[in-house]
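What follows is a set of notes on a single structure, which appears directly below.
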Amino acid sequence: MSDGSWLDWRTKGLPPGAALSVEDLAATGWNVLAGDTGTPVAVVREAALARNLDVMRGFCAEHDVSLAPHVKTHMSPELVTRQLAAGAWALTAAVPRQVEVLLHLGVRRVLVANEVTDARALAWLAGRLHDDDGLEVLWYVDSVEGVRLAQVAMGRSGGSRVAQLLLEVGHADGRTGTRDAATAMAVARAVQDADRLALVGVAGYEGTIGHDRSAATLARVTAYLADLRDTFDTLDDAGLMAPGERVVTAGGSVFFDQVAETLAPLRSRGARVVLRSGCYLTHDDGFYEHVSPDVEPGWQRDEFTAAIEVWGRVLSRPEPALALVNLGRRDVSFDLGLPVPLWASHDGDLRAVSDMTVTALGDQHAWLSVPADDPLAVGDLVGVGVSHPCTTFDKWSLLLLVDDDRTVVGGLRTIF
């Protein structure tokens, strides 16, 4: 193997005694339902993954927007490769650590969807820009002090590279970002007055406005995006943005349809509209299943499909209506809803289930409410879908890539 991606007793989800490379996984012939893997085990269904990549690629092409997927969702080298191959304009990171991972993976354009105020991290970024003329890294500023920190780092790096900055526009009770027009103007002027810095656009995040698609939430999201658009216009009219292509970016995985529509007029000013959605890639069976844009009646293309499953074995059925399964908080996300039982398998025979519910999670156990007359037995497999893929990915150093028969066809490493 070429990159040290060895899998063994340190890798959760493999059967005891396994030792092989990621590249060797497809040749094993392992099948989850046949009991060839360990349990618990996290899998990603290849067909759903490919479908989701295609759905988002089609949406972006139809709406003339670019995609810089947020890799904090998965932090997987294999999925980075898939997203770039599907036409991603850039990849998005949240913190300098994630930027470093992406650069080691050979990514050439990174959008940091956050302020960077760590002096050592800024010095490292400035040094990388100095050493590599073809590398692009864009990050946010929302304060004059943030501008000063960037200027100091770039000034100490030598050379002539210019840091590309995006002014982040926030909203009341939101996350980071300027809260008023006066602050936005002050930050933009500070960038213009600084050496080795260039303001190349504006950015924002609408996902903190609401977690549903009610009319009231959609109206607030549209109002915020209009403010983002107006800020771009104001800064452009004032001559505060650098010449060349400008960027306007927003769009998590819930309201990216509104982003594409509301920010579209900025293309007439030479702006590239960039979405940063991340969870579209695997979707889920919980939160995003109910709030993604594909639930809207006007959605005219294929829907996103949940791709992640976590499989565990029934350890005990101590009461007629209760089973305990060997997967828990260490294995599945629970911050935006408990996992959803989808499948049960006895001796390899797969059946869909709709009348079971995970009622609680321990560190290594799931409490599963089961109809008293259900044949689920000790030793059977149970497959659950997840809500919020980000916090399932970060519990696994390896997820197995499987076909629809749950035969292993590859592996997806993560680097968190």
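The values are calculated or read from the model by the stated rules, or taken from the named source; none is laboratory data. What you see is a predicted model; the values in this text were computed from it and never measured. FYI the Cβ positions are ideal-geometry reconstructions off the backbone, even for glycines, and counts take in every protein chain you see. Note: areas computed on protein heavy atoms with side chains; ligands, DNA, RNA excluded. Shrake-Rupley method; radii C 1.70, N 1.55, O 1.52, S 1.80 Å.
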Exercise for the section: First check a/c for the range 55-164, with a ≥ b ≥ c the square roots of the eigenvalues of its C-alpha gyration tensor; if it is under 1.5, answer rounded, and if not, answer prolate when a/b is larger than b/c or oblate otherwise. Expected result: prolate
Completion exercise
Expressed as a whole-number percentage, the relative contact order of the range 262-411 with C-alpha contacts under 8 angstrom and at least six residues apart is 26 percent
Handout entry: Binned Cα-Cα distances of the range 184-238, short to long, each 10 Å bin given as a whole percent
Key = 21, 41, 24, 12, 2
Practice task
Have a look at HIS74, ALA88, ALA113 and report the one farthest towards the positive end of the charge dipole of the range 61-134, computed about the Cα centre with Cβ charges (Lys/Arg +1, Asp/Glu -1).
Solution key: HIS74
Practice task
Taking the Cα centre of the range 1-121 as origin, work out the dipole magnitude from +1 charges on Lys and Arg Cβ and -1 charges on Asp and Glu Cβ, in debye rounded to 20.
Solution key: 220 debye
Completion exercise
Averaged per residue, the 1.4 Å probe accessible area of the range 274-398, protein heavy atoms only, in Å², is roughly 39 Å²
Handout entry: DSSP-defined beta bridges in the chain - what % are antiparallel, rounded to 5
Key = 50 percent
Exercise for the section: Taking the Cα centre of the chain as origin, work out the dipole magnitude from +1 charges on Lys and Arg Cβ and -1 charges on Asp and Glu Cβ, in debye rounded to 20. Expected result: 1160 debye
Problem - Simple Cβ-charge dipole of the range 268-416, Lys/Arg +1 and Asp/Glu -1, about Cα centre, in debye nearest 20 - result: 800 debye
Handout entry: Relative contact order, percent, the chain [alpha-carbon distance under 8 Å, six or more residues apart]
Key = 21 percent
Practice task
Take the Cα coordinates of the range 261-321, assign each an equal point scatterer, and use the Debye formula without solvent to give log10 I(q)/I(0) at q = 0.13, 0.23, 0.26, 0.29 Å⁻¹.
Solution key: -0.59, -1.01, -1.10, -1.20
Handout entry: Residue-averaged [θ]222 nm for the chain, counting only DSSP H segments that reach four residues, each worth -39500 (n - 2.57)
Key = -8500 deg cm²/dmol
Practice task
Describe numerically, in nm with one decimal, the distance between label points set 7 Å from Cα along Cα→Cβ at ALA219 and at ASP133.
Solution key: 5.4 nm
Completion exercise
With R₀ set to 51 angstrom, the calculated FRET efficiency between the beta-carbons of GLU303 and ALA372, to the nearest 0.05, is 0.90
Fill in the blank from the handout: Looks like the range 1-128, by Cα gyration tensor root eigenvalues a ≥ b ≥ c and the a/c under 1.5 rounded cutoff (else prolate when a/b is bigger than b/c, oblate otherwise), is oblate
Handout entry: Nearest-10 value in Å² for the accessible area of ILE209, using the 1.4 Å probe
Key = 30 Å²
Completion exercise
Helix 181-193: inclination vs the chain longest Cα principal axis, degrees, rounded to 10, gives 70 degrees
Handout entry: Surface accessible to a 1.4 Å probe, per residue, for the residues of the range 91-242, Å²
Key = 42 Å²
Problem - Highest average packing first - 279-290, 231-242, Cβ atoms within 10 Å - result: 279-290, 231-242
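Can you send over the carbon and sulfur percentage of the accessible area for the chain, probe radius 1.4 Å, protein chains only?
Answer for the chain is 50 percent, counting heavy atoms of protein chains only.
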Problem - Positive dipole terminus of the range 239-326, leading residue within VAL310, CYS279, ASN326 (C-beta point charges) - result: CYS279
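State whether the chain is rounded, prolate or oblate according to the following rule on the C-alpha gyration tensor (a ≥ b ≥ c being the square roots of its eigenvalues): a/c under 1.5 gives rounded; otherwise a/b larger than b/c gives prolate, and the remaining case gives oblate.
The shape class here is prolate.
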Exercise for the section: Using the charge dipole of the range 130-211 (Lys, Arg: +1 at Cβ; Asp, Glu: -1 at Cβ; taken about the Cα centre), state which of GLN164, GLN151, VAL200 has its Cα farthest towards the positive end. Expected result: GLN151
